[in-house]
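Heads up, the thing below is written out as structure tokens.
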Amino acid sequence: MSGEGPPELPPALVSTLRNAKHVVALTGSGVSAESGVPTFREAQTGLWERYDPQELATPEAFMRDPRLVWEWYQWRRELVSEVEPNPGHQALTELERRVPSFTLITQNVDGLHQESGSRNVIELHGNIRRTRCSGEGIVFERDEVSAMPPVCRYCGSLLRPDVVWFGEMLPPEALDAASEAARGCDLFFSIGTSSLVYPAAALPYEAMGGAAVLVEVNPDETPLTRHADYSLRGPAGEVLPKLVREAFEPGNG
């Protein structure tokens with residue numbers, strides 16, 4: 001698909017974006033994969049291929065063997081540290097500069113949107129680069145992993161990656177903010193996500209309930225495709241830069 005170039009963009013969509021007041025973008029693992037970040041399943045390689053993700057990414061696994069869980073997350077952190085934001089990330093950063101109100105909701109935990117320059121980011125599943133105290137919930141932006149497994153310097157409780165594990169609820173504040181943004185926008189993008197994982201997969205439908213125009217950007221068909229006003233087949237790194245150029249660069253309308 002990528003060799004064919006981005007799809008032609010409907011003029012009506014370009015015009016809708018150019019005139020939009022509040023744009024919301026929901027991103028999934030496909031956006032990060034274009035930077036070389038392994039998807040969750042792809043992170044089960046090498047030394048980790050004999051483990052099921054649910055043996056490593058649950059509160060129960062952490063209580064049972066915190067050192068094993070931390071070693072896996074340290075390996076994943078190293079993978080993330082070696083990649084850079086791609087043109088899809090950069091186009092979303094540019095879009096935030098161009099529209100009056102922009103909210104980026106991500107299911108990704110790699111922090112690449114912020115690294116690209118996006119500012120109004122809601123992280124539904126946390127951030128693998130941060131560390132959190134399992135006792136008091138204090139979040140450390142800087143790496144606190146100096147021992148294995150690390151402990152909180154304030155209370156002595158085990159530290160954990162600041163991510164949402166299987167069996168855990170999404171952060172209520174983040175989910176509420178995402179839902180409010182979806183209901184209040186006039187243009188909603190679903191980008192590089194399977195549209196299978198709830199509650200995030202419900203957000204496009206909340207946007208539709210608020211009469212937003214719904215756009216899907218994905219190389220593959222998903223359960224959301226048939227509901228979208230516009231379905232753009234292709235990688236985010238090709239589709240989004242072209243869309244932002246056509247909507248906002250001089251000489252494009």
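Remarks
- According to the Cα-based calculation, Rg over Rh for the chain is 0.99, with Rh computed by the Kirkwood formula.
- Dividing the Cα radius of gyration of the stretch 100-152 by 2.2 N^0.38 Å, with N the residue count, gives 1.34.
- Residue exposure sequence - 242, 21 - by fewest surrounding Cβ within 10 Å: 21, 242
- Restricting attention to the chain, close to 25% of DSSP beta bridges with both partner residues there are antiparallel.
- Ranked by how many other Cβ atoms sit within 10 Å of their own Cβ, fewest first, the residues 105, 122 fall in the order 122, 105.
- Span-rule helices in the chain, defined as complete DSSP H runs reaching 15 Å or more along the axis (Cα) with Kyte mean at least -1.0: 66-81, 172-184, 236-248
- Near-label residues of the stretch 116-146 by backbone N, under 12 Å of a point 7 Å along Cα→Cβ of residue 197: 124-128
- Above 22 Å, the calculated P(r) of the stretch 111-253 contains 53 percent of its Cα-Cα pairs.
- Extreme residue, positive dipole direction of the chain, given options 61, 128, 236 (C-beta unit charges): 128
- The chain: relative contact order as a whole-number percent, Cα under 8 Å and 6+ apart: 26
Where a number appears in this text, it was derived from the coordinates with a stated rule and is not lab data. Keep in mind the model is a prediction, meaning the values are calculated, not measured. Don't worry about glycine lacking a Cβ; one is built from the backbone with ideal geometry, like all the others, and counts go over all protein chains shown.
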